[in-house]
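*Asks:* Once you've had a glance at the structure underneath, I'll fire off some questions.
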Ligand SMILES: Cc1ncc(COP(=O)(O)O)c(C=O)c1O
């Protein structure tokens, strides 16, 4: 890693007022027709400052253009799905060529076997794999499989990790639990990350009742040495299935997932997002002994495992095959770590130069950087989050996080660092003079909240 020599100081990109007229006029219609105005809460208007693009029309690499023609360098990249870059030529071409052959038939297509082979080559300790369209479905399928395999009902989830599935067994445990019967929520219990005793306590409180332990191998916090292996050993002792949700970590931490990165192999693992560079494809992978319950060659009760109409849509499989090929042949993961580290150092430098050490934090692995904003009393602040994003947007960066892609070039990183510096300058003034003086409109809001 080359040391960062260029300081972002005094090279802040000038802020420019952007027109969002077209976005503004489409937004009421979107809300009238679509609950929340979008199909993912994380993309919703309440997640962005008032002065933000409302709709993105197209993207190329890490650049996107909104409905009013404004151009931005984007971070987050389709909720972390687009690891290579938007409209990545060879992935688009692979999907298009497959599309011309037909999207879906009455019998399987051979490409289903091709991708199964490629996935199992990447996740080399898994023995079988099944595809679906999103991370929620495969994670829920893993829970069902674990329940069938163990004959137990309870699911132990990591309380410190934000998301596993849109399904009731998980959403019932969040503040947004309307419509979910308590009887379902009671089947999910919680333990804490890096706290083996809390998992031991769960097993002790519900002996022989925990079907599976569901966790991301790593999210905001790095595992303590030996922690993941100890979780695995405990699961083995207790007869519970260990499920690693690799929807985010899969193909960002390592081409073999965070399980390879940390050298701990779970019984089951789930993948999504990065599998198809934005195309809808997800996978449940794991030990044959468990996975085969969804198959046709055993005498146990059959598990209805991920049988969906669109689960093996051929062009999504083709996109995924090509995406995996690029990961393998071009060392994409290495790039994400190196480029992320470069950005992290530049942001850190801007924090220091603007004296924001107590008020702005950049954290996470370089391949998955996020930021947190704090007010004058060092409390987490949605107003300061909105202000920071507003000031990035004014400088041509759309950044709900600093999660980058293979398309974020050195020039993009440099531009971002300069935008961050400019945004930090305003942030500093807002701390000193009051955020209301600088924030246009309302703060952003957390997704998990009971009322609007
Ligand atoms: C860790 C994790 N698991 C599962 C999911 C669900 O994936 P999907 O949105 O594809 O259903 C997400 C989505 O953000 C996630 O972050």
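*Asks:* Going by what's in this entry, would residue 64 be described as touching a residue at least 24 places away in the same chain (Cβ under 8 Å), surrounded by 15 or more Cβ atoms within 10 Å (Cβ to Cβ), within 30 Å of residue 330 (Cα to Cα) and touching a strand residue (DSSP E or B) at 6+ places or on another chain (Cβ under 6 Å)?
*Replies:* In short, yes.
*Asks:* Quick one: count up the residues across the range 251-274 that are without any contact (Cβ under 8 Å) to a residue 60 or more places away in the chain, buried (at least 24 other Cβ atoms within 10 Å of the Cβ) and not in a loop (DSSP other than H, G, I, E, B).
*Replies:* Here the count works out to 1.
*Asks:* Check residue 147 against each of (1) without any contact (Cβ under 8 Å) to a residue 40 or more places away in the chain; (2) in a helix (DSSP H, G or I) and name the one condition it does not meet.
*Replies:* Unmet condition: (1).
*Asks:* Moving to a separate point now. Looking only at the range 93-113, which residues are surrounded by 12 or more Cβ atoms within 10 Å (Cβ to Cβ) and not in a helix (DSSP H, G or I)?
*Replies:* Within the range 93-113, 101, 103, 104, 109 meet the criteria.
*Asks:* Follow-up. Residues 217, 207: which one is in a loop (DSSP other than H, G, I, E, B), more than 25 Å from the chain's Cα centre (by Cα) and modelled with pLDDT of 95 or more? Let's see the steps before the verdict.
*Replies:* Values: 217 fails: more than 25 Å from the chain's Cα centre (by Cα).
Unique residue meeting the criteria: 207.
*Asks:* Let me ask another. Of the numbered conditions (1) over 15 Å from residue 396 (Cα atoms); (2) without any contact (Cβ under 8 Å) to a residue 40 or more places away in the chain; (3) part of a loop (DSSP other than H, G, I, E, B), residue 36 satisfies every one except a single condition; which is it?
*Replies:* Residue 36 satisfies all of (1) over 15 Å from residue 396 (Cα atoms); (2) without any contact (Cβ under 8 Å) to a residue 40 or more places away in the chain; (3) part of a loop (DSSP other than H, G, I, E, B) except (3).
*Asks:* Within the range 230-250, how many residues turn out to be assigned to a helix (DSSP H, G or I) and touching a residue at least 12 places away in the same chain (Cβ under 8 Å)?
*Replies:* Adding up the residues that qualify gives 6.
*Asks:* Does residue 450 count as modelled with pLDDT under 95 and over 19 Å from the mean Cα position of the chain (by Cα)? Break it down stepwise before answering.
*Replies:* Values: modelled with pLDDT under 95: yes; over 19 Å from the mean Cα position of the chain (by Cα): yes.
Criteria met by residue 450.
*Asks:* Tell me yes or no: at least one residue of the range 41-52 is away from the ligand (no atom under 16 Å from the Cβ), touching a strand residue (DSSP E or B) at 6+ places or on another chain (Cβ under 9 Å), part of a loop (DSSP other than H, G, I, E, B) and touching a residue at least 60 places away in the same chain (Cβ under 8 Å).
*Replies:* Initial filter on the range 41-52 (away from the ligand (no atom under 16 Å from the Cβ)): 45-46, 48-52.
Cutting the leftovers down to touching a strand residue (DSSP E or B) at 6+ places or on another chain (Cβ under 9 Å) gives us 48, 52.
This time we only want the ones that are part of a loop (DSSP other than H, G, I, E, B), so: 48, 52.
From what's left, touching a residue at least 60 places away in the same chain (Cβ under 8 Å): 48, 52.
Within the range 41-52 (the criterion being away from the ligand (no atom under 16 Å from the Cβ), touching a strand residue (DSSP E or B) at 6+ places or on another chain (Cβ under 9 Å), part of a loop (DSSP other than H, G, I, E, B) and touching a residue at least 60 places away in the same chain (Cβ under 8 Å)), the answer is yes, since at least one residue qualifies.
*Asks:* Among 173, 139, which is the only one that is touching a strand residue (DSSP E or B) at 6+ places or on another chain (Cβ under 6 Å), within 16 Å of the ligand (Cβ to nearest atom) and free of Cβ contacts under 8 Å to residues at least 24 places away in the same chain? Step through it out loud before you land on a result.
*Replies:* Values: 139 fails: free of Cβ contacts under 8 Å to residues at least 24 places away in the same chain.
Only one candidate passes the filter, namely 173.
*Asks:* Filter the range 358-372 down to the residues that are without any contact (Cβ under 8 Å) to a residue 40 or more places away in the chain and either closer than 16 Å to residue 391 by Cα or outside any strand (DSSP E or B) (or both) and list them by number.
*Replies:* 358, 366, 371, 372
*Asks:* Additional query: State which residue is nearest to residue 399 (Cα to Cα) when the search covers only the range 73-92 and only residues that are within 15 Å of the ligand (Cβ to nearest atom) and assigned to a loop (DSSP other than H, G, I, E, B).
*Replies:* 76
*Asks:* Does at least one position in the range 292-313 carry a residue that is buried (at least 24 other Cβ atoms within 10 Å of the Cβ), within 16 Å of the ligand (Cβ to nearest atom) and either part of a helix (DSSP H, G or I) or at positive phi (or both)? Break it down stepwise before answering.
*Replies:* Initially, the range 292-313 is screened for residues buried (at least 24 other Cβ atoms within 10 Å of the Cβ), giving none.
Checked the range 292-313: no residue is buried (at least 24 other Cβ atoms within 10 Å of the Cβ), within 16 Å of the ligand (Cβ to nearest atom) and either part of a helix (DSSP H, G or I) or at positive phi (or both).
The values are calculated or read from the model by the stated rules, or taken from the named source; none is laboratory data. Note that the structure is predicted; figures quoted are calculated from it, not measured. Don't worry about glycine lacking a Cβ; one is built from the backbone with ideal geometry, like all the others, and counts go over all protein chains shown.
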